[in-house]
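**Student:** Shown below is the structure under consideration.
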């Protein structure tokens, strides 16, 4: 599909993620894309979102560009409180108080389990050996996936990333589906959406298998199925997601001052 | 009246760090606070076989792993955030030279808390139900692991939980923004897990960007989250976290973050980095010269520098700090 879009796929993904965040919620964002999506939501339709970072930086917005990390000076220049990891990830997230988190994924599977630890290129098997390609590990995403009431996963939609079963569960989705999360006493409810560069997947209410519910104006059901490593089901209510409105794009680009999402 | 715990960086490493210890750094943030300069001195003095306990990877762990000083590591996050993968650590883990045990950012902090409280374990509702609990790099055949984060049940409700093992590092080097000579310290920015770590470690060395008069900490006692009673030594080390940033004091040196991580991606690059920025640097003046006068000026002009304003009048000038250091050196005694 090569229409002349006035926005990039990355921008569509950030806007679609931002639409998942509601006004007044207590929200936790990671660095990079998820922070852009979160601050877009705050600038556009959720002015009263209460955002925190993993480090316990409260009430701050980025100053002078996209922060390099959750503890960067760019997110430390207008905070109302600095605390710590046990406060942010423990008191507010693992406790079940946080409404929504946004996390990234190198690999995600049909039950919304996320791998950010490594690529083995095979099943690990009974003996653990280091991955051929070591990734960044779970960071705070495991804590968000365990404790936040719901969370949104952002991932580039490619077949190698959208796999039937992740090689390593860094951050738990619905594990092997159904009510499997219940066995582990998580405070949080699990992933509510996987927002990709091509569309949006949401869990079936009973089986928890992720199904396509929205495609974007520049993508199609065929392209999305072909870019997914399992036999992706299409929700009977699947529709095309609304294109970004002018106000949405303006708000996003004000947050993404350095144009990270406009790079091709 | 206040004891003077100031020592040089060289002395702090020679006195408190030996081969094979469990070594923790604070805050161990990937682009922010960390005692990076302490790691450079560990390499200068040839420390080996370290068991690194880092809340997150930082450029310090990246460097120590690349240079072969670390055998085992435990952390919650092993990248450099927006700067990407930590090439030195990554290479060491993929080759098996460093065995990396994975946790999460909350569980590392909880394990330091457990160590600080002398608890046998910390109950956890995170990491359970994931491969962080089921897979152990330290016990690779224990699968699903029963030793790393064993399942326990809540004695009141029967709910299944995970038991996290506590951490009591032999040594913690903790970066702080401000400390008085006794080790009463103020951290600007997120503490991350420095509060717990300072109580969990058997020995604590502070690396302070600035040394302040004790009147300063008496003015803001609520902000002194690391009191001198838990501190063994204080090192005055401007730009202690470089090339990472220190809120209020200096910004991230983006260019050096990339240069360093780029060089650490190969053996040859690591050797050249170590020669130029580690072993080839043997004094504080030398260190500041490597950062560069222009960079120092630029990095100090941070959008966050107003955070340091309330404390500036108590910052001790270099001569005074050197005279306090000289007093300790001439006494030749352990502070």
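Coordinate-derived values only; no laboratory data. Fair warning: this is a prediction, and the values are worked out from it, not measured in the lab. In this analysis, Cβ positions are derived from the backbone assuming ideal geometry, glycine residues included, and neighbour counts consider all displayed protein chains.
**Student:** Counting C-alpha atoms alone, how compact is the range A:82-165: give Rg to one decimal and Dmax as a whole number, in angstrom.
**Tutor:** 14.5, 43
**Student:** Moving on to the next point. Determine how many Å³ per residue the convex hull of the Cα atoms of the range B:1-97 encloses. Intermediate results must be reported in sequence, preceding the final value.
**Tutor:** On the way: hull volume 9.3 nm³, N = 97.
Convex hull volume per residue, Cα atoms: 96 Å³.
**Student:** Starting with the fewest neighbours, write out B:306, B:195 ranked by other beta-carbon atoms found within 10 Å of each beta-carbon.
**Tutor:** By the 10 Å Cβ count, ascending: B:306, B:195.
**Student:** At a temperature of 37 °C and a viscosity of 0.692 mPa s, determine how fast the range B:1-44 diffuses translationally according to Stokes-Einstein, using the Kirkwood radius over alpha-carbon pairs as Rh; express D in µm²/s, rounded to the nearest whole number.
**Tutor:** On the way: Rh = 12.0 Å.
Value of D from the Cα-based Kirkwood radius: 275 µm²/s.
**Student:** Please give the calculated 222 nm ellipticity per residue for the protein assembly as shown, where each DSSP H segment of at least 4 residues contributes -39500 (n - 2.57) and the sum is spread over every residue; nearest 500 deg cm²/dmol? Can you show the working numbers first?
**Tutor:** Details: 18 runs with 156 residues, N = 599.
-7000 deg cm²/dmol, from helical runs alone.
**Student:** When only Cα pairs under 8 Å and 6 or more residues apart are kept, what is the percent relative contact order across the range B:31-147?
**Tutor:** Values: 175 pairs, mean separation 22.5, N = 117.
Relative contact order, the range B:31-147: 19 percent.
**Student:** If you average 1/r over every pair of different alpha-carbon atoms in the protein assembly as shown and take one over that average, what Kirkwood value in Å do you get?
**Tutor:** 24.4 Å
**Student:** For the ranges A:10-21, A:249-260, A:208-219, what's the packing order if you count other beta-carbon atoms within 10 Å of each residue, average per peptide, and put the highest first?
**Tutor:** Details: A:10-21: 24.6, A:249-260: 16.4, A:208-219: 20.4.
The densest-packed peptide leads the list: A:10-21, A:208-219, A:249-260.
**Student:** When the Kirkwood radius is taken over all Cα pairs of the range B:45-192, what Stokes-Einstein diffusion coefficient follows at 37 °C and 0.692 mPa s, in µm²/s? All intermediate terms of the calculation are to be shown ahead of the outcome.
**Tutor:** Numbers: Rh = 16.8 Å.
Approximately 196 µm²/s, per Stokes-Einstein.
**Student:** Express in whole angstrom the spacing between the alpha-carbon centres of the range A:190-264 and the range B:189-268.
**Tutor:** Cα centroid to Cα centroid, the span is 42 Å.
**Student:** When you count, for each residue, the other Cβ atoms within 10 Å and take the mean per peptide, how do A:25-38, B:318-331, B:249-262 rank with the highest first?
**Tutor:** Details: A:25-38: 23.7, B:318-331: 13.6, B:249-262: 20.3.
Result, highest mean first: A:25-38, B:249-262, B:318-331.
**Student:** State, to one decimal in nm², a quarter of the convex hull surface area for the C-alpha atoms of chain A, i.e. the direction-averaged projected area.
**Tutor:** Numbers: hull surface 56.2 nm².
Dividing the Cα hull surface by four gives the mean projection, 14.1 nm².
**Student:** Please give the direction-averaged projected area of the C-alpha convex hull for the range B:120-164, in square nanometres with one decimal.
**Tutor:** Numbers: hull surface 12.6 nm².
Computed as one quarter of the Cα hull surface, the answer is 3.1 nm².
**Student:** What's the exposure ranking of B:83, B:121, A:40, A:151, going from fewest to most Cβ atoms within 10 Å?
**Tutor:** Values: B:83 22, B:121 17, A:40 27, A:151 31.
Arranged by neighbour count, lowest to highest, B:83, B:121, A:40, A:151 become B:121, B:83, A:40, A:151.
**Student:** Here is a follow-up. How big is the equivalent ellipsoid of the range A:154-236 along its three axes, where each semi-axis is √(5λ) from the Cα gyration tensor, reported in whole Å from largest to smallest?
**Tutor:** Details: eigenvalues 107, 37, 24 Å².
For the range A:154-236, the ellipsoid semi-axes come out as 23, 14, 11 Å.
**Student:** I've got another one for you. Under the Kirkwood approximation for Rh and a Cα-based Rg, what ratio Rg/Rh is obtained for the range B:46-122?
**Tutor:** 1.01
**Student:** Report D for the range A:1-129 in µm² per second (integer): Stokes-Einstein, Kirkwood Rh on Cα pairs, 20 °C, 1.002 mPa s. Please report the intermediate quantities before stating the final value.
**Tutor:** Details: Rh = 16.3 Å.
Roughly 131 µm²/s, to the nearest whole number.
**Student:** Another question, if that's okay. Take every Cα-Cα distance within chain B, group them into 20 Å bins from 0 onward, and report for each bin the whole-number percent of pairs it holds.
**Tutor:** With 20 Å bins starting at 0, P(r) equals 32, 57, 11, 0.
**Student:** Sticking with this one: Rg to Rh ratio, the range A:109-258, alpha-carbon atoms and Kirkwood radius?
**Tutor:** That ratio equals 0.99.
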